[in-house]
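Below is one structure, written out as structure tokens; comments come after it.
The values are calculated or read from the model by the stated rules, or taken from the named source; none is laboratory data. Small disclaimer: the values here were computed from a predicted structure and weren't measured. Methodologically, a virtual Cβ is constructed for each residue, glycine included, from the backbone with ideal geometry; neighbour enumeration extends over all protein chains shown.
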Amino acid sequence: MHALLLEDSTFLDIIGFLGGSGLFLVLGILLIIVVIYNKYKRRR
């Protein structure tokens with residue numbers, strides 16, 4: 001599974017992007033999504 005992912009040039013480009021500020025950007029977006037999801041979940 002990991003070998004196939006490493007052979008994919010697109011996957012390598014994503015890793016290169018995440019290696020920079022992109023990593024914090026993705027983590028920030030995921031954190032916001034989780035917080036918003038929890039708020040809506042509590043209302044219901």
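So the values come out like this:
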quantity: Number of positions in the stretch 7-20 that are surrounded by 10 or more Cβ atoms within 10 Å (Cβ to Cβ) and either modelled with pLDDT of 80 or more or in a helix (DSSP H, G or I) (or both); calculated: 8
quantity: Leading residue by the ranking (nearest to ILE14 (Cα to Cα)) among those in the stretch 26-44 that are modelled with pLDDT under 90 and within 16 Å of the chain's Cα centre (by Cα); calculated: VAL26
